[in-house]
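The values are calculated or read from the model by the stated rules, or taken from the named source; none is laboratory data. Here the structure is a predicted model, which means the values were calculated and not measured. Heads up, the Cβs are rebuilt from the backbone with ideal geometry, glycines too, and the neighbour counts pull from every protein chain shown. For the accessible areas, the whole protein counts, side chains as well, though only heavy atoms, and no ligand, DNA or RNA atoms are used. Shrake-Rupley method; radii C 1.70, N 1.55, O 1.52, S 1.80 Å.
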Amino acid sequence: MAENGDAGRGGFSAGRVPAEDQGAGAAAPWAPPGKTEDPSPSISREGAAGDLPGPGPGGPAGLAPGRTGAGGASSDDPDRDEPARRTRRRRRTRRVLYGALVLLCAGVLLAAGTTYWAYQHYTGRVDRIPNAFPTGVPESALPPPSKDGSQTFLLVGLDARSDLPTTGKDAKAPEWKPGAQRSDTMMLVHLPADHKHAYVVSLPRDSWVSVPGHGKAKLNAAFSWGGPPLLIDTVQRLTKVKIDHLAVIDWSGFKKLTDAVGGVDITVDKTVSRLHGGGPGAVWTAGTHHMDGDEALDYVRERYGLPNGDLDRAHRQQNFLRAVLVKMLSGGTFSNPLKLKRTLDQVTSVVSVDDQLSNGDLRGLVWGMRDVRSSDMAFMNAPVGGFDMIQKQSVVLLDANAADELWESMRNDTMTDFVATHSLDTLGDKVS
């Protein structure tokens with residue numbers, strides 16, 4: 001009785017029997033109390049109350065007119081049909097929700113798969129510089145290793161004096177030939193272990209330093225004489241900071257990268273002369289300029305018309321780098337696979353890195369710094385004590401005491417505290 005009653009509530013009508021109750025020896029369908037069952041061979045197991053012959057005492061199931069089975073409820077009774085309708089609605093709702101969940105998961109997997117493909121594909125295309133690090137350096141001249149999790153890059157901008165690209169995947173000439181290239185821009189980029197900030201310290205190209213095997217000279221001469229290994233050795237001995245990796249871009253790549261991002265907006269604080277590319281009497285007027293590759297190159301190469309010469313020039317380079325990063329990192333680049341693909345394509349086409357920076361290291365670097373924005377970066381010049389003329393050359397003299405504190409904080413990965421507690425020549429919002 002309970003089973004048949006349940007069947008009736010689940011949608012079975014009188015004379016309709018679940019399949020498991022059919023066949024030889026199956027019990028006869030349940031009939032209302034006081035009625036005698038009169039099974040008819042014409043009723044199939046799929047038959048419903050509406051399929052029975054006309055109602056009446058002589059009907060096949062012996063049902064009274066308008067009766068359908070348990071409880072005597074009418075088949076047209078809305079109270080009887082409402083639970084079934086609610087059940088059907090719940091099932092449809094679950095199906096829709098399950099379908100939406102499947103589509104969402106598929107979208108997430110597709111995005112993750114595309115991002116992974118972009119990492120794999122583009123990091124594998126980066127041009128590598130072989131044998132970039134110095135060898136045979138005395139133990140006493142080697143810096144201590146970087147603190148666990150932190151890294152320091154040496155970013156170099158080359159004046160290759162060549163019409164052919166020397167860096168990036170499209171390079172047609174070598175990164176270095178003796179005397180053919182000088183490092184016009186040198187920046188130490190320190191990435192702390194927490195991956196929440198980045199600290200960029202420009203080393204003036206005219207810094208008067210000791211170059212191993214060559215005595216005292218301008219810092220940019222090291223690259224000209226010995227390429228990446230001699231420059232890295234010189235910087236490491238000067239700062240006692242471990243250079244973990246090297247990244248190099250030449251002026252051709254600089255212009256190409258600028259044009260690839262659609263140009264950059266650079267704000268000039270006050271009207272200054274423009275000695276490169278503008279013609280006689282040309283100036284950079286105060287205000288914001290949208291610069292393409294050629295204009296940006298003129299802007300960052302200038303130093304003779306600037307009040308502080310090489311130091312103001314370094315700030316211009318930092319200002320440009322900041323503008324490019326703002327352009328490249330805005331709009332959810334790392335969460336949008338198509339934007340990430342385009343960004344990686346732009347960078348890998350013009351930059352060369354040392355051959356010890358593996359694809360896995362590069363992917364980890366990109367992913368680890370995904371939340372860093374230009375507002376999380378601090379740009380500054382290495383502390384300078386003054387200027388001088390040595391061997392008929394205009395040179396920059398670094399402030400040894402102040403610089404030593406800076407390098408120590410970089411070695412110890414305490415740059416956040418150092419920047420917060422020291423007066424530095426940092427890049428502000430106003431740049432000449």
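Structural remarks
- Residues of segment 274-291 satisfying the condition of being open to solvent by 70 Å² or more (accessible area, probe 1.4 Å) and under 34 Å from the mean Cα position of the chain (by Cα): THR288, HIS290
- Within segment 126-145, considering residues that are among the small types (Gly, Ala, Ser) and surrounded by 10 or more Cβ atoms within 10 Å (Cβ to Cβ), the one nearest to ALA247 (Cα to Cα): ALA132
- Residues considered: THR258, THR267, THR234, THR239. Of these, the only one that is at pLDDT 85 or above, among the hydroxyl-bearing types (Ser, Thr, Tyr) and open to solvent by 40 Å² or more (accessible area, probe 1.4 Å) is THR267.
- Members of segment 185-198 found to be open to solvent by 10 Å² or more (accessible area, probe 1.4 Å) and not in a loop (DSSP other than H, G, I, E, B), listed by number: THR185, VAL189, LEU191
- Set ASP361, ASP429: member being open to solvent by 40 Å² or more (accessible area, probe 1.4 Å) and assigned to a helix (DSSP H, G or I): ASP361
- Unmet requirement for SER210, which otherwise passes all of (1) outside any helix (DSSP H, G or I); (2) crowded, with 19+ Cβ neighbours inside 10 Å: (2)
- Of all residues in segment 292-317 being within 19 Å of PHE379 (Cβ to Cβ) and in a loop (DSSP other than H, G, I, E, B), the one that is farthest from the chain's Cα centre (by Cα): PRO307
- Screening segment 377-418 for residues that are at positive phi and not in a strand (DSSP E or B) and picking the one that is surrounded by the most Cβ atoms within 10 Å (Cβ to Cβ) gives ASP413.
- Flag if ALA217 is surrounded by fewer than 21 Cβ atoms within 10 Å (Cβ to Cβ) and at pLDDT 95 or above: yes
- Taking the listed residues ARG370, ARG342, the one that is open to solvent by 50 Å² or more (accessible area, probe 1.4 Å) and either modelled with pLDDT of 80 or more or in a loop (DSSP other than H, G, I, E, B) (or both) is ARG370, with no other qualifying.
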